[in-house]
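The structure appears right after this line, and notes come after that.
The values are calculated or read from the model by the stated rules, or taken from the named source; none is laboratory data. This one's a predicted model, so the numbers in the text were calculated from it and none came from an experiment. Cβ: placed from backbone, ideal geometry, glycine included. Neighbour counts: every protein chain shown.
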Amino acid sequence: MSKGWERVFFVGCFITQGSSYISAYTYGIMHRLHHAHTDKENDPHSPSNTPNLFGMMWETRNNYRDIHTGKLQVEDKYKKGLPQWPVFDNFAHSWITKAVWTLLYIVIYALLATEWWHFLFLPVTFAMGAFQGAVVNWWAHKFGYRNFKVDNTSRNILPLDIFFWGEAYHNNHHRNPATPNNAHRWFEWDMGYAAMRLLHNLRVIRLVRA
Ligand SMILES: [Zn+2]
Ligand SMILES: [Zn+2]
């Protein structure tokens with residue numbers, strides 16, 4: 001996509017992820033490290049390296065922070081061609097911005113919640129980006145079925161992945177990381193790929209043959 005559209009999507013991530021904003025640049029590096037070292041010692045998030053879901057979420061958070069701040073030195077090959085907007089990332093990651101989002105969520109809950117237990121969902125709202133990542137990165141390396149024999153623990157979570165828009169076809173993705181369509185069998189359908197086709201037809205992005 002063009003630089004202009006790239007920035008539209010940066011802002012889109014900011015609006016939809018709010019207090020748990022994830023930088024496409026930093027996550028891009030982390031994701032490439034995950035592919036390069038899947039389930040091994042240098043995998044930034046693997047259920048094989050951590051005792052439970054929250055342990056993995058904490059480790060993912062620390063690795064993300066260290067890549068973002070530069071504390072974790074990463075080879076240049078992992079940074080090549082990633083979208084970058086450091087000024088915006090710093091603004092979106094700042095404590096003040098996160099505090100404003102947090103207040104906004106509390107106000108929205110206060111206006112809409114009709115039962116006390118609705119407020120129990122607030123922590124999930126604060127960290128929704130982290131939870132979404134954790135569900136894919138934990139479950140898709142633990143439970144589900146496989147289409148391909150690969151040298152890692154990746155699995156497809158559900159035959160019909162309508163919740164993660166194709167991201168949960170994780171075994172397929174580890175087998176063919178460069179293909180935009182994560183569906184493989186006749187019953188699998190990747191809604192994320194359908195969205196990409198639409199954006200391609202609207203000339204927002206250009207799909208290239210992998
Ligand atoms: Zn994986
Ligand atoms: Zn990937």
Need pairs with beta-carbon distance below 9 Å; first residue basic (Lys, Arg) and within region 5-33, second within 16 Å of ligand 2 (Cβ to nearest atom) and in a helix (DSSP H, G or I); sequence gap 6+ or separate chains.
ARG32/LYS77; ARG32/TYR78
On the basis of being buried (at least 17 other Cβ atoms within 10 Å of the Cβ) and outside any helix (DSSP H, G or I), does THR153 make the cut?
yes
Report, by residue number, each residue of region 152-186 that is of a type outside the set (Ser, Thr, Tyr), away from ligand 2 (no atom under 14 Å from the Cβ) and in contact (Cβ under 8 Å) with a residue 40 or more places away in the chain.
none
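Conditions tested, residue by residue: (1) among the aromatic types (Phe, Trp, Tyr); (2) touching a helix residue (DSSP H, G or I) at 6+ places or on another chain (Cβ under 6 Å).
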site	(1), (2)
TYR27	yes, no
HIS37	no, no
SER48	no, no
MET57	no, yes
ARG61	no, no
ASP66	no, no
VAL74	no, yes
ALA92	no, yes
Just one listed residue, out of PHE119, PHE163, is of a type in the set (A, V, I, L, M, F, W, C), assigned to a loop (DSSP other than H, G, I, E, B) and more than 23 Å from LYS40 (Cβ to Cβ), and it is PHE163
So the check is Cβ under 7 Å with 6+ separation or different chains; which pairs have a first residue in region 106-128 that's closer than 25 Å to TRP58 by Cα and a second one that's of a type in the set (A, V, I, L, M)?
PHE119/ALA113
For region 178-210, how many residues meet the condition of being in contact with a helix residue (DSSP H, G or I) (Cβ under 8 Å, 6 or more places away or on another chain), surrounded by 13 or more Cβ atoms within 10 Å (Cβ to Cβ) and within 27 Å of ALA36 (Cβ to Cβ)?
8
Going by the conditions given, is PHE10 of a type in the set (A, V, I, L, M, F, W, C), crowded, with 18+ Cβ neighbours inside 10 Å and either at positive phi or not assigned by TED's automatic domain parsing to the domain that holds THR153 (or both)?
yes
Only one of SER23, SER46 is polar (S, T, N, Q), buried (at least 18 other Cβ atoms within 10 Å of the Cβ) and over 27 Å from PHE143 (Cβ atoms); which?
SER23
Only one of ARG65, ARG61 is surrounded by fewer than 14 Cβ atoms within 10 Å (Cβ to Cβ), at negative phi and within 18 Å of the chain's Cα centre (by Cα), namely ARG65
